[in-house]
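Okay, structure first, notes after.
The values are calculated or read from the model by the stated rules, or taken from the named source; none is laboratory data. If you're wondering where the values come from, they're calculated on a predicted model, not measured in any experiment. Glycine also receives a Cβ, built like all others from the backbone with ideal geometry; neighbour counts cover every protein chain displayed. Areas reflect the complete protein model, heavy atoms only, side chains present, ligands, DNA and RNA absent. Shrake-Rupley method; radii C 1.70, N 1.55, O 1.52, S 1.80 Å.
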Amino acid sequence: MASIELKNICKKYENGFEAVKDFNLKIKDNEFIIFVGPSGCGKSTTLRMIAGLEEISEGELWIDGKKMNGVSASDRDIAMVFQNYALYPHMSVRKNIAYSLKIRKEKKDVIEKKVQEAASILGLEGVLDRKPGQLSGGQKQRVAMGRAIVRNPKVFLMDEPLSNLDAKLRGQMRVEIADLYHKLGTTFIYVTHDQTEAMTLGTRIVVMKDGVIQQVDSPQNLYHKPANQFVAGFIGTPPMNFIEGVVNFAPGGVFVETEDGKVEMPPEKAECLKRRNLSGKRVVLGIRPEHIDIAGENEMSHKKAVIDVYEMLGAEAMIYLSQKGSKEKLIARIDGTMPLCAGETVNLRYNLSKIHVFDITTGKTITN
């Protein structure tokens, strides 16, 4: 169990490429931290610097109050689980799990006890004498985690451990990893590009882009209070809808004029736009698919749109919409029992209390 602090961490390569830029983060003991972002954002590089597998170009890494710059990976008391499992194919499951303990020259009875404990936690008791080639993908991943558990490390590092599994097995393994975290009570740092994994596993999530932290927050705050347009668009499936417009202060209220109409801002957001004196400024509105409803003929609506694609998903449906005279497409998540089909024109109503406004230049959130 350990606390970790990264101070002004940078990673620069000989060709001048800067993979991680001024990374600052404090991780408390027993936190489950997720690094998430698109490919090439620097999340795995940061993890490897914590593990000691990549040299830190600038900044300081502290684990449990001890500076780790220059400390070898083997002396950091960290266990890492990779996406490719990295199992020894000629060894049984038992020997794979026990390998690090054997290298440390632990006593045989101690090794056997720890292997049995790990196997019990991970449900591997019945496959200890099998070779990795005789296991499923999920079982291989459990063996890799078992090999880490027996070391009783201060920190668990996981680099996209589920990316090689099919969708159903990924869902099952997410539950198992969450359960493992609660059983072990230690610090986890987990890298993924899958924001569903991030939202379901992490106590806090670090969203990265181009080597820079965009926001560090709880899953709930990332979803409902994104710091900028990138976070708003990256977190959430399907992604948030974005609509460009111009702020207009009118006698009847504060509006954002879009290509095909105007959207009235609710009082709290209107006051925020007034305080910032944004009349006449271009902004980006953000609205999540579940905050768009289909309005009846006699109900107030904000836009008319044509359904391009209707996807039935059981209890709910996704509709992909286009608007006359507008280049922007919209996605709405609606009740799956609504009798709609592709080609229909519908009236859209926004839940304005859930709308976001972003600066069109910087992408930063103006109102949440």
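Details
- Loop-located GluC sites (Glu not before Pro) in the range 8-45 (DSSP state not H, G, I, E or B) with no more than 12 neighbouring Cβ atoms inside 10 Å: Glu14.
- Taking the protein heavy atoms of the range 1-95 in the context of the full set of protein chains, the accessible area attributed to carbon and sulfur is 47 percent at 1.4 Å.
- Considering only Val247, Val175, Val143, the Gaussian network model of the chain with Cα springs below 10 Å gives its largest mean-square fluctuation to Val175.
- Rounded percent of accessible protein surface that carbon and sulfur make up, the range 111-233, 1.4 Å probe: 46 percent
- Rounded, prolate or oblate (a/c below 1.5 giving rounded, otherwise prolate when a/b exceeds b/c) for the range 135-204 by Cα gyration tensor: oblate
- Candidates Asn30, Leu101, Gln83 compared by Cα position along the dipole of the range 4-133: farthest toward the positive end lies Leu101, with charges placed on Cβ.
- C-alpha center-to-center spacing [the range 148-167, the range 49-113] in angstrom: 12 Å
- Set of aspartates and glutamates near Lys262 by C-alpha distance (under 14 Å), chain-local residues within fewer than 8 positions excluded: Glu244
- Inter-centroid distance (Cα atoms) of the range 302-332 relative to the range 1-33, Å: 41 Å
- Most mobile of Glu244, Glu344, Glu55 in a GNM of the chain (Cα contacts under 10 Å): Glu344
- Within the listed set Ala198, Ala73, Ala148, the Gaussian network model of the chain (springs between alpha-carbon atoms below 10 Å) gives the highest mean-square fluctuation for Ala73.
- Per residue, the chain exposes 48 Å² of solvent-accessible protein surface, assessed with a 1.4 angstrom probe and all protein chains in place.
- Cα gyration tensor shape for the range 304-368, rounded if a/c is under 1.5, else prolate or oblate: prolate
- Legend: distances between Cα atoms for Lys11/Lys183; Lys105/Lys154; Lys28/Lys113; pairs beyond 23 Å are Lys11/Lys183; Lys28/Lys113.
- Gyration tensor (alpha-carbon) shape descriptor, the range 185-342, a/c threshold 1.5: oblate
- Residue-averaged [θ]222 nm for the chain, counting only DSSP H segments that reach four residues, each worth -39500 (n - 2.57): -7500 deg cm²/dmol
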